[in-house]
1. Among DSSP beta bridges lying fully in the protein assembly as shown, give the percent that are antiparallel, nearest 5.
2. Could you run the Karplus curve 6.51 cos²θ - 1.76 cosθ + 1.60 with θ = phi - 60° over segment B:489-500 and give me ³J(HN,Hα) per residue in whole Hz, x for Gly and Pro?
3. Of B:W254, A:W124, how do they rank once you tally other Cβ atoms within 10 Å and put the fewest first?
4. Each residue of segment B:100-114 in order: what ³J(HN,Hα) in whole Hz does its phi give by Karplus 6.51 cos²θ - 1.76 cosθ + 1.60, θ = phi - 60°, with x for Gly and Pro?
5. Take every residue in peptide B:68-77, count the Cβ atoms of other chains within 10 Å of its Cβ, and give the average of those counts.
6. After finding the eigenvalues of the alpha carbon gyration tensor for segment B:592-661, what semi-axes result from the square roots of 5 times each, listed largest first in whole Å?
7. Suppose a student asked you for the relative contact order of segment B:592-661, using Cα pairs under 8 Å spaced at least 6 residues apart; what percent would you report?
8. Using only Cα atoms and rounding to the nearest 10 degrees, what angle (0 to 90) does helix B:250-270 make with the longest principal axis of chain B?
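Please treat every number below as a calculation from the coordinates, not as lab data. Owing to the predicted nature of the structure, the values given are computational and were not obtained by experimental measurement. Note that each Cβ is placed from the backbone with ideal geometry, even for glycine, and that neighbours are counted across all protein chains shown.
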Amino acid sequence: MLILLLLMAVVHAACATAVPPAPPAPPPPAVAPPDSGERARALLARGQTLLGAGDMVAAAIALREALALEPELVPARSALGLALYGAGDTEAAVDELRAALARDPAAIGARATLGAALIARQDWTAARAELEEVIRRQPDHAQAHYGLGLVRYAQRDLAGAADAYRRALSVEPNHHDARYNLALVLKLAGRETEATREFVTAAEAGVGRAQYFSGVAYAEGLGVPRRLPTAIAWWMRAAERGVTPAEDALAALRQAALGRSRRPLADRQATEQAFRDYRAELWSELPDVVREGEESAGAALVRLRRPEAVALLIREAAALDDDAQHQLELLYEHGLPGVVPPYDARILAWFQTAAAEGLTRPRIALARVYGRGLGVPRDVPRAVALLRATPHEDARRLLEELAP
Amino acid sequence: MRRPRRLDAAIIGGLAAVAAIGVELAVSPALDTAAAARWLPARVPTGGVVVISEAAAASADDGALRRLVTRLSAAGAAAIVLDVPAQVPRAGAASEALLRQTLGQAGNIVLTLDGRPELASRAVGHILDERTGALTAIPMFAMAGERSVPALGVAAVAVASDSRATLEAGVVTVAGHRVRLDTRGRALMRATEPLPQLDLADIDADGLASLVSGKIVVVPGDPAHAERVRRQAELADALLGDGTLAPAPRASGWLAALVLGVATAWLWLRRRWWHALAFTLAVTVGTLALAMLVLRLGVLAPLAAPLGGLVVAALAAIGWRQVDARRRLESLEAELGAMREALARHESAVEALEEDLEAARAAMERSADAARSADVLRAQLEAARRQEEETRRRLDALTTASHAVTASAAPDDACARVGIVTRDPVMLALFRDLEKAARSSLPVLIIGEPGTGKELFARAAHRLSTRAGEPFVAVNMAAIPPDLFESELFGHVRGSFTGAVADRRGWFEQAHRGTIFLDEIGELRADQQAKLLRVLQEKSFHRVGAARPTSVDVRVVAATNRDPERAVADGSFREDLYFRLKGLVLRLPPLRERRADIALLAGRLLQEAAVEARRPGLALSEAALAALERHDWPGNVRELQNCLRQAAALAERHVLVPADLRLTEKPASAEPHDTDAAVLATLRRHRFDMQATARSLGWDRSTVTQRLKGLGFRALVEARGDVARAAAALADDPTLSRTVELKLREYHEHLLRTVGGFDSADAAVAACRRRFKNLPERHFRSLEALLQLHFSGRSG
């Protein structure tokens, strides 16, 4: 949404500059100071700057001041509408934008923003009318096509939505949201092959949810050959971006590989193998590193004292590599002098996630962290609770140590 | 042509069944299910279905719903039933795609039809249902467009068991569970105790698997559906626990209605009422018991139609029985009337011929023609006698039939309810008259020997009247001291005489709005009669010593053991008072004239005597009963009661023999029975049947005929030749007037035929003296007066 807003701000500013010169100003009111027009334009410029910086509230204040000095200053009213929309005051934004358009129906930026505000209000019919008017006036308005896609999806017109997204992409091929949404509506329409192609493109551009759906496509063979290691790779990348379904999917796979789900044995073995394959394929990301013996990619980076070692080790641990888990425990406690400080937050976050998932080694590691107060306030009861729920020899020993 | 009763029963039973089936079609199965719901406790859930709390479900957005499904699926839920609200979009295409992804991965999702069927799911189910009492009827399949959609609960069980629900011949089979459907394709589900419920804390807890593994989990969504989705969850549980009810085939209820209707109607029409009532109650209880029994076995038996048929048939049969009896009675009474008239004519003809024959015999000695005439008369007389006998025989048969109908139309239990024990047709007929007259304020005069039940009839007159809720005051007039007569009957004011220390309400005032029973009315002195007459005329009286009159609204029932007409005739009873009292006259027959009641009464009275004497189990031997029936009982029922009390107290055996009864034959009554009044009373008692009267008096029939003829001539003179008026006066009962009128007319015409050839009254009288030799002398005065009237009219 923020990206969308900034994009709109930029477009809006461009439109504002493209606005033809205002007709001759009417005689200034008797009470206004003689330089009010200049001051209003200065405030407009300031407001636009603040909009570009994302400070919507400050921008709205400056723009209101500008309009107080010169009420007929359409670019200021359009920009105020955008600022209010960005600040979340959709109703006021709609009012200001409609007021601006009443003064200048050709204000494309104001109309596009009005379309977006109406979408936020879920007033699909009105939004569609405004966006179609924008497109009629400016057929290559990518944002309007994108907004129209959202509207048509909401109106359960999946084909129309896909068409709108494609038009947005034809104008702006790097419109990743349009591509991701295109993939979604294609998927919802059952056009899996096309959907996967678009998902993968968006995923490669770094759209987290698209990475998750790319993983789904490879896991289930939707439009691509079924390949679990690739699915794991996409889900790992999505999980690193905080996409929860990807984390859940990986957790479910780990449970399957550890034999904790109801899946048949063959599935379990295939999943274990997929994790192994994934770990092996991590080497492809390190073309410049020479492997020594059977070491893992993460271990190689530790050996080479490279800072990206932690991220890679976490991926390997998440792919059920016990060595990587062990390395992470050492790294957390002692750090890698000069490269990774002790008590790295990323490692702790992994321990917490994996412990909650019920993985044995991370639970013991987390219990040690809390029991000894390693980078966190010491919390023996929590450590004991973790250990008691973990049937393992190391857990028993640590429990004896913490609660003799 | 009369239909046989069996056909009546079939028609009534059939119509009752049709009516009951009609009602059943209109309200079914509400009545049956309401009864079932009352008898069946709510079933305990199997535990195979758990429900997410509505609060938890309502708070779940798409993300929470995905997480919920993921958790439940991972925990091993056998099926997850989702009622996903249909609002679109929930949170955009991404959310929708993710939800679909999650549901697809879970693999065992069941959705509601009006949720979002385009989401990935194994099955879709409808949530239609219908409350029928405490039961719920759920269509097991419903058409959605062109496809058949199972109920949500059925779909859930099918998914959980990885099977399909099939419908064949009204039976749905799913995962080995069979459910019989009603005619509208619905399963009937018992009320269920609340299903196990999970909230969000349970879902996030580690032990979720133990709560949901292998179970159906229902996630309500749209609050508008929550109740119906809950019932579908109960349906799934009922299917797993075989907790549905199988409705019995509807035709079985209809058949039962028909059979019970016909059987009940037949019993009410053909059997005694208590047999029919017992059957009706027994069948009702039996039907209910059977329904309860089969309900325990999971079958909903039809109740509305069979019981409706039974009740309607019973009521219709009772009504029909009354109508039929009334119709038959009316027909019989009409026939009886005609037959009585015929008998009267035949009797008169016989009597006239006998007289003519007698006259002819006297003349035989004088001429041969007379002898021939006597032969002809003899032949005519024989023929007339045969006709009379035939008519009498038919009359007896009709009377018996009439009594039988009367007994069936007015069951003697109505009598028994007011304490009158009898099956005697005369008593029952009197009771029926009393029932009819009771609702009016008509005075009732009860005449009967002591102990014949006068007070019982008086109380019955009160209980059957609209005054039943008001006082009944019985006053024995003979027991009131003469000087206290006014004070007792009308009350007094304080100080009105010595000893009147306070105001006192008399019997009349105490009976205000109710009934006063004046017993032994024949014992009143002349002055007392005058006072009583004034009260009856004015409906008000003065308390002794009071200046103002007191008005009362009282129904008077009087009784006497004396013949009031005789008392009027001999001047001991005021005629005007008699006419005031004789609204409805009931002449209670003495016990000796209803001997059939003796066994019935003896049984009842002996039981009471045995209880009184604390000797349970006393019984009468056959010989003792025969002795009782032979005895004349001048003291009537009271004497019988005392006899049995004495026997119960003194007998040494449990079975009483004649000796225990200590009956002594009393000499015949010294009371003369040959006075005109006595003869007239006997004639009236026997409804002017000459033969029965003659038998009762121990005379031959011609003597009775002559006495009636004399009485008739006197009545005709008093009525100045108006035969109808004379007959009414003699009959003293409108139902007998016609019979008496026929006889009087015949006597009068015979008299006129006899004197037809004479020119003067004197000559005619002389001839009549020769002709009517057996007519008592005192009646010739009337005959002379009649002839004077005749000849004066002829000459005028």
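1. Bridges in the protein assembly as shown are about 40 percent antiparallel.
2. 7, 10, x, 8, 9, 4, x, 6, 7, 4, x, 8
3. Values: B:W254 20, A:W124 16.
By the 10 Å Cβ count, ascending, the order reads A:W124, B:W254.
4. 5, 4, 5, 5, x, 5, 4, x, 10, 8, 10, 10, 6, 4, 8
5. If you average over the peptide's residues, the count of other-chain Cβ atoms is 2.
6. They are 18, 12, 10 Å, listed from largest to smallest.
7. Relative contact order comes out at 42 percent.
8. The two axes meet at around 10 degrees.
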